[in-house]
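Have a look at the structure below, then the notes.
Any read-out appearing in this document is the output of simple, stated calculations on the displayed coordinates, not a laboratory observation. The model shown is predicted, which means the values in this text are computed figures rather than measured ones. No Cβ is skipped: glycine too gets one built from the backbone with ideal geometry, and neighbour counts run over all protein chains shown.
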Amino acid sequence: MAKGKIKINTPPPSTPTAPQPSTKYSGVKHTIMIMSGKGGVGKSTFSVNLAVSMGKTKNVGIIDADINGPDDPMLLGVSKDKLHVENNKIIPMKTKYGVDVISMAFFLPDDSTAVIWRGALRHKAIQQFLEDATWEGKDYVIIDFPPGTGDEALSVAQMIPEVDGVVIVVTPQDLALLDAKKAINFAEQLHLKVIGIVENMSGFSCPHCGTVTNIFKTGGAEALAKELNIEFLGKIPIYPEIVQHADTGVPAVESSEEVRKIYNEISSRIASLVEK
Ligand SMILES: Nc1ncnc2c1ncn2[C@@H]1O[C@H](COP(=O)(O)OP(=O)(O)OP(=O)(O)O)[C@@H](O)[C@H]1O
Ligand SMILES: [Mg+2]
């Protein structure tokens, strides 16, 4: 190697130490992964609202695969409850929105406890969420991913067998779109089908004067979808009801007619792409 040059080895995704797909996660009709190229774009918000929207007509569960930031129970209004075990199987938590959920949050003493486990233990937790919980009979299981395309997302993706595909959540700024390309590339390298991309935080319509302000720009995800020849699933603007959702535990699809309509369209689109 020439002096001053550093060679970085990039092993393929499937190395001998890679987590293996679970053989015990079964009886689920469709499994969808919700990913993004970076954190904070709205994966958990999207996963929960999509699940509640789909849950009106289907039997739906959510696996909160974000061990360090397990937000989904809180977004479904059940953060303080404990899980039940029957016949050595974990019963996913029922919520009043007709969607069952499993999350690291149920195993922590309180909302402020940090999980400081290394990779192997986090993988074990995800494995238990998949294998030791009762998912049989679900029409859809939605998996809310940890942020980004790093080690954690890679191991979750490798552990889940028979995935129908991935939905990528994107915000419309240029940098976020660049990260979204990485997420799409990540999915492709793992031979996961990209169902499509959703543009979240796509403009803000003032509830007082009706003026639309494109805080993070708008339209970038649709252009990206066109460029990469993948499905564009829709735009979700910034809504005060979605901001409040994180505080109240009431999904915005339940509190806002406008948000419900948008999510119903996106969930029908996803179902038709997955079930065709
Ligand atoms: N369309 C929207 N309108 C208003 N607020 C939104 C919208 N989408 C997401 N948010 C807010 O943005 C914040 C981040 O959302 P969320 O936690 O769902 O992102 P995330 O991608 O799951 O984050 P992380 O990568 O940390 O898991 C939350 O406070 C959420 O309420
Ligand atoms: Mg999240």
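Before moving on, here are some points about what is shown:
- Which of D139, D174 has the fewest Cβ neighbours within 10 Å, and the rest in rising order: D174, D139
- Packing-based exposure ordering (other Cβ within 10 Å, fewest first) of S272, S53, S79: S272, S79, S53
- Distant-in-sequence amide H partners of G196 (H built 1.01 Å from N, under 5 Å): V166, I168
- Prolate/oblate/rounded call for region 48-147, Cα gyration tensor, a/c under 1.5 rounded: prolate
- Rough spin-label spacing in nm, given labels placed 7 Å along Cα→Cβ, for N68 and K56: 3.6 nm
- Here, region 137-216 yields an orientationally averaged convex hull projection of 7.1 nm² when only Cα atoms define the hull.
- In region 30-275, the DSSP beta bridges split such that about 20 percent are antiparallel, to the nearest 5.
- Nearest-0.05 FRET efficiency for N229 and Q20, computed from C-beta distance (R0 30 Å): 0.45
- Compared with the rule-of-thumb size 2.2 N^0.38 Å for a compact globular protein, region 107-175 has a Cα radius of gyration ratio of 1.31.
- When L178, L224 are sorted by how many other C-beta atoms sit within 10 angstrom of their C-beta, beginning with the fewest, the order is L178, L224.
- Counted charge near E188, where neighbours are those whose Cβ lies closer than 12 Å (Asp, Glu -1; Lys, Arg +1): +3
- Neighbourhood net charge (9 Å Cβ-Cβ; Lys/Arg +1, Asp/Glu -1) for S36: +1
- Region 54-131: trypsin sites (Lys or Arg not before Pro) in DSSP loop, at most 12 other beta carbons within 10 Å: K80, K82, K96, R118
- Only Lys, Arg (+1) and Asp, Glu (-1) charged, at Cβ; the chain dipole about Cα centre in debye: 700 debye
- With a Förster radius of 35 Å applied to the beta-carbon distance between R118 and L178, the computed FRET efficiency rounds to 0.75.
- Rh (Kirkwood; distinct C-alpha pairs) - region 30-275, Å: 18.1 Å
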